[in-house]
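To keep things clear, I will list the structure first and then write my remarks on it.
We did not get these values from a lab; they are worked out from the coordinates using the rules stated. As the structure is a computational prediction, the values presented were derived from the model and not from experiment. Counting neighbours? That spans all protein chains shown, and the Cβs are built from the backbone with ideal geometry, glycine included.
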Amino acid sequence: MITIDRILCPVDLSDCSRHGFDHAAAIARWYGASITLLHVFETVPVAAYATGAGSPGAVLTPPERAYVLLELERMAAAERRDGVDITFRRTEGQPHAEILNAALETKADLLIIGTHGRSGFQRLVLGSVTEKVLRRALCPVLAVPPRASGSPAPVAYKRILCPVDFSDSSLSALQYAMSLAEEANATLTVLHVVEYGMHEWPEI
């Protein structure tokens, strides 16, 4: 049986990362889990200063820190009123490394992250960060794409697709898919693809 007690949800306050939090909140309610909302301020390597990319010591100023905390509190307010346990974590550094470290330190059972985010200097660019996190995370990761136009709120899972190749990782993913389908009362489709070489196409 799958148990999810601790969820880590990195956010950069973009709409996509807020949508990721919507999924985190839904799953937290189903499993009675707590959520750690993580905001990473990307610091610039010293080598970048020589190229004119920024100024040395570029870190969050006290007003910026206060703004981030206020936005995190606003994001979490409704879910907290509904009884979801949510804590905040703010760090500075390389986003993917800080996310992976936070997953270990919080002993996250699930990491939920948006696939796109803010762009621009010293902002968390979730597209490239998500790819690095997916490759290196030791806990399960749910990558959430941008909110579809007209998507319902709150989050509702109706149809879940789980491809399997019978490897240990795919069978582990299937356990999570079955558990989510049960909690969300969703339909689960399990897909296995047989790949043929160019000279192995079966006769029809």
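Run the numbers for residue 190 and residue 29: contour at 0.36 nm per residue of separation, minus the present Cα-Cα distance, in nm. Don't skip to the end; give the middle numbers.
On the way: separation 161, 0.36 × 161 = 57.96 nm, distance 2.51 nm.
Value of the extension gain: 55.5 nm.
If we count every other residue with Cβ under 14 angstrom of residue 37's Cβ, Lys/Arg +1 and Asp/Glu -1, where does the sum land?
Details: positive: 6, 18, 74, 80, 89, 90; negative: 12, 22, 71, 73, 79, 85, 98.
Overall, the nearby charge balance is -1.
How much length, in nm to one decimal, is gained on full extension between residue 159 and residue 61, taken as 0.36 nm per residue of separation minus their Cα-Cα distance?
Numbers: separation 98, 0.36 × 98 = 35.28 nm, distance 4.42 nm.
Here the answer is 30.9 nm.
For residue 101 and residue 69 in one chain, what is 0.36 nm times their gap in residues minus the Cα-Cα distance, to one decimal in nm? Display every interim value, and only then the final one.
Details: separation 32, 0.36 × 32 = 11.52 nm, distance 2.02 nm.
Extending this stretch completely gives an extra 9.5 nm.
With a Förster radius of 30 Å, plug the Cβ-Cβ distance of residue 166 and residue 80 into 1/(1 + (r/R0)^6) and report the FRET value to the nearest 0.05.
Computed FRET efficiency for residue 166 and residue 80 comes out at 0.10.
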